[in-house]
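Presented below is the structure to which this report refers.
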Amino acid sequence: MEFDRTLADRRMGRLRSLLGVGAGEAVLILDLKNIQYLAGFTGSDGALFVAPDSAVLLVDGRYENQAKREAAGVEVRRYGDKLAGIAAVVSEGGQGRILFDAAAMTVEGHAKLTEKLPGVVLAPAPADLNRLRGVKEEWEIDRMRRAARIAGDAVLAVMDSIRPGVQEKDIAIELEYKMRRLGADGIAFPSIIASGENSAMPHASPGMRRIREHDVIVVDYGAVCEGYRSDETITLSVGKPPDEFREAYGAVREAHDTAMRAVRSGAVCGSVDAVARGLLSGKGWGPFFSHGTGHGVGLDVHEYPRLAAAVEGTLEAGMVVTVEPGIYLEGRWGIRIEDMVRVRNDDCEILTVFGKDPMVL
């Protein structure tokens, strides 16, 4: 789908409504993925100024032509100094209160803007800004489904390389190459190939460790398709794994499947986490489950909502989230089983492609 004026107007209208932007107010967007979502611009620097009845995209000279080609629903302006450019637009508009996305505003940037805009209130936007990208449109989900299929096909293509003597980093390099060769625009995040004791670190980086017979291997990977990402994790073994591992894998699989059945529109995010965490705790594995059960995926690989303890938000149809319980035994092995799913009214649709039965190579 082409990013056009209609889509930009609709999304910026939702932003104004979500934050209650009224006369004399505006929103300053600095997060690049939010800028992409609202205006279609994919450059690596810029700022988006959204007033009640207009919007200005500020870019430096490197991106002026790109912004004019990509962006919709905005006036494109070139700046020499970013903060000076923002201050000029605010002064021109006469707004007295500017909401900004706090996660993307530095302390230094806030101080300098405050100095350049005396009398203007700079206030962090409420957390509701995070909800803006939560519910996906059908074309967005189609891109994520395609990304997941490409990533899954790439993993299948490198299975023969997962064997004793091969280094983790070489498998990761081959996997990322295969994703691009199969049509991905990029990788969703640096792939995780974690073998043996490294698999007990949830976000291990592939290193020079060589695969050994009987190793447990966690493979966490994703592709990008027209800006949208996938995320999937499988855990496998090279040769017969330890008996305790097989027991733990069954527990993680049960927690994964039970949590998946809890994912539906109206479900409280924290309750989905509680389902997975409670099941593992009941089997004695609770202390070894060290992260949340899932997170939203879209233009970023980690975005709203979070499926974690005490999170009170509710799932809505059209959200895309992961379900990824795990067990990690320091110095020995780890297990994570992850699928990316689309929330529906009464259940969820699995977008990722790999089966999650135990796999022995």
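The figures follow:
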{"quantity": "Overall Cα dimensions of the stretch 145-261, principal axis frame, Å, largest first", "calculated": "42, 39, 21"}
{"quantity": "Distant-in-sequence amide H partners of Phe3 (H built 1.01 Å from N, under 5 Å)", "calculated": "none"}
{"quantity": "Beta bridges by DSSP in the chain, antiparallel share as percent, to the nearest 5", "calculated": "75"}
{"quantity": "HN-Hα J in Hz across the stretch 282-295 - Karplus 6.51, -1.76, 1.60, θ = phi - 60°, x for Gly and Pro", "calculated": "x, 9, x, 9, x, x, 9, 9, 10, 8, x, 7, x, 7"}
{"quantity": "Ranked by how many other beta carbons lie within 10 Å on average, peptides 238-244, 337-343 from highest", "calculated": "337-343, 238-244"}
{"quantity": "Distance violations [Cα-Cα > 32 Å] among Lys68/Lys116; Lys136/Lys356; Lys33/Lys112; Lys169/Lys283", "calculated": "Lys169/Lys283"}
{"quantity": "Residue-wise HN-Hα coupling along the stretch 75-92, computed from phi with Karplus coefficients 6.51, -1.76, 1.60 (Hz; x: Gly, Pro)", "calculated": "8, 8, 10, 9, 10, x, 10, 4, 5, 5, x, 5, 4, 5, 5, 4, 4, 5"}
{"quantity": "Relative contact order, percent, the stretch 138-360 [alpha-carbon distance under 8 Å, six or more residues apart]", "calculated": "23"}
{"quantity": "The stretch 136-147 - phi-based ³J(HN,Hα) in whole Hz, Karplus 6.51/-1.76/1.60, Gly and Pro as x", "calculated": "8, 7, 4, 5, 5, 5, 4, 5, 5, 4, 5, 4"}
{"quantity": "Contact order normalised by residue count of the stretch 5-131, Cα under 8 Å, 6+ apart, percent", "calculated": "26"}
{"quantity": "Options Thr233, Ala172, Ala267, ranked by Cα towards positive dipole end of the stretch 138-360, top entry (Cβ charges)", "calculated": "Ala172"}
{"quantity": "Mean Cβ count within 10 Å, highest first, over the residues of peptides 309-315, 150-156", "calculated": "150-156, 309-315"}
{"quantity": "Mean separation of Cα contacts under 8 Å (6+ apart) over length of the stretch 245-361, as relative contact order %", "calculated": "29"}
{"quantity": "Cα lying deepest toward the dipole's positive end in the chain, options Asn34, Asn198, Gly298, charges on Cβ", "calculated": "Asn34"}
{"quantity": "Of Ser237, Ser17, Ser161, the one that fluctuates the most in a GNM where the chain has Cα springs shorter than 10 Å", "calculated": "Ser17"}
{"quantity": "Positive dipole terminus of the chain, leading residue within Phe3, Leu361, Asn130 (C-beta point charges)", "calculated": "Phe3"}
{"quantity": "Under-5 Å amide H pairs with Phe100, H placed in peptide plane, nonlocal only", "calculated": "Leu28, Ala123, Ala125"}
{"quantity": "Translational D in µm²/s for the stretch 116-179 (Stokes-Einstein at 10 °C, 1.306 mPa s, Kirkwood Rh from C-alpha pairs)", "calculated": "100"}
{"quantity": "Total charge dipole magnitude, the stretch 5-131, about the Cα centre, Cβ charges on Lys, Arg, Asp, Glu only, Debye to nearest 20", "calculated": "320"}
{"quantity": "Rule-of-thumb Rg ratio for the stretch 138-360 [Cα; 2.2 N^0.38 Å; N residues]", "calculated": "0.96"}
{"quantity": "Of all DSSP beta bridges in the stretch 1-112, antiparallel share, percent nearest 5", "calculated": "50"}
{"quantity": "Charged-residue dipole, Cβ positions (Lys, Arg, Asp, Glu), the stretch 134-245 about Cα centre, Debye nearest 20", "calculated": "280"}
{"quantity": "Dipole magnitude of the chain about its Cα centre (Cβ charges: Lys, Arg +1; Asp, Glu -1), debye to nearest 20", "calculated": "180"}
{"quantity": "The stretch 5-131 - convex hull of alpha carbons, volume per residue in Å³", "calculated": "92"}
{"quantity": "Interchain or long-range residues, amide H under 5 Å from Glu232's placed H", "calculated": "Tyr221"}
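Values quoted throughout were computed directly from the atomic coordinates according to the rules given, and no laboratory measurement underlies them. Remember, it's a predicted structure, so these values are computed and weren't measured experimentally. Positions of Cβ are backbone-derived with ideal geometry, glycine not excepted, and every protein chain shown enters the neighbour counts.
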